[in-house]
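Scroll down for the structure; my scribbles are underneath it.
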Amino acid sequence: MTFIAELARVNPSEIEFVDRMGLIMERLGGTRTMGRMHAWLMICDPPDRSLTELAAELGVSKTAVSTVARQLELSGMVERVPTSTREHRYRMISGGWDQVMRVQLAVVRQSLDTLDFGLSVIGDDRSGQRDRLEDTREFFAFILQDSDGMFERWKEYREKTS
């Protein structure tokens, strides 16, 4: 099905949703195409698409879609669907945002070492700079302190609501 034919079946509000998610993903540090592709895979029917279909439906090059699909697959947001052909098909998977958050928190963990190094470089005579470094380090440490509990509460919540 072509993008034009697909658009005829899609509610304009759904197109707006896809575009808005593109902007959200961009604000989160991804690309607009990444957000649009993930959003489209959340609502398209059937729920899996080939790279060719995604390129046509999203109005971007197949190369761009292929690159984004690999990035989303590596981040745990989408998965490649087995097919009897050589065609690559993708679908959204549950739990992707959980994985993305875990990756982001791993970066926060690494930043603590960098902040500790910064504190070792900045002498006690530079209280303003030390205060800013310590404030940032304390914030990151606070976030990490509760992250395991947050993921456990999320798991319990999902089990209750599923």
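Relative intensity of the chain on a log10 scale, I(q)/I(0) at q = 0.16, 0.20 Å⁻¹, equals -0.96, -1.22, per a Debye sum over C-alpha point scatterers of equal strength in the absence of solvent.
Taking each DSSP H run with n ≥ 4 as -39500 (n - 2.57) and averaging over every residue of the chain yields -24000 deg cm²/dmol at 222 nm.
Here the dipole of the chain is about 560 debye; that uses its Cα centre as origin and unit charges on the Cβ of Lys and Arg (positive) and Asp and Glu (negative).
Think of a 1.4 Å ball rolled over the protein heavy atoms: the chain then has 65 Å² of accessible area per residue.
Count Lys and Arg as plus one, Asp and Glu as minus one, and take only other residues whose Cβ is under 13 Å from that of Leu105; the net charge is then -1. Among residues other than Ile143 with Cβ under 14 Å from its Cβ, the summed charge is -1 (Lys and Arg +1, Asp and Glu -1).
Considering the chain as a Gaussian network with a 10 Å cut-off on Cα pairs, which listed residue, Ile122, Ile24, Ile15, attains the greatest mean-square fluctuation? Top of the fluctuation ranking is Ile122.
Report, in order of residue number, the helices in the chain meeting two criteria: a C-alpha extent of 20 Å or more along the helix axis, and a mean Kyte-Doolittle hydropathy of at least 0.0; treat each whole DSSP H run as one helix.
96-121
Considering only Glu16, Glu73, Glu53, the Gaussian network model of the chain with Cα springs below 10 Å gives its largest mean-square fluctuation to Glu16.
Per the 1.4 Å probe, what fraction of the accessible area of the chain, in percent, lies on carbon and sulfur atoms?
Carbon plus sulfur share of accessible area: 55 percent.
If you take the charge dipole of the chain about its Cα centre, with +1 on Lys and Arg Cβ and -1 on Asp and Glu Cβ, which of Met21, Val78, Ile122 is farthest toward its positive end? Toward the positive end, the furthest listed residue is Val78.
With a 10 Å cut-off between alpha carbons and a GNM built on the chain, which of Met37, Met150, Met101 moves the most? Judging by the Gaussian network model, the answer is Met150.
The values are calculated or read from the model by the stated rules, or taken from the named source; none is laboratory data. Please read these numbers as outputs of a predicted model, since none were measured by experiment. For neighbour counting, all protein chains shown are included, and Cβ atoms are generated from backbone atoms with ideal geometry for every residue, glycine included. These accessible areas exclude ligands, DNA and RNA; they are computed on the full protein's heavy atoms, side chains included. Shrake-Rupley method; radii C 1.70, N 1.55, O 1.52, S 1.80 Å.
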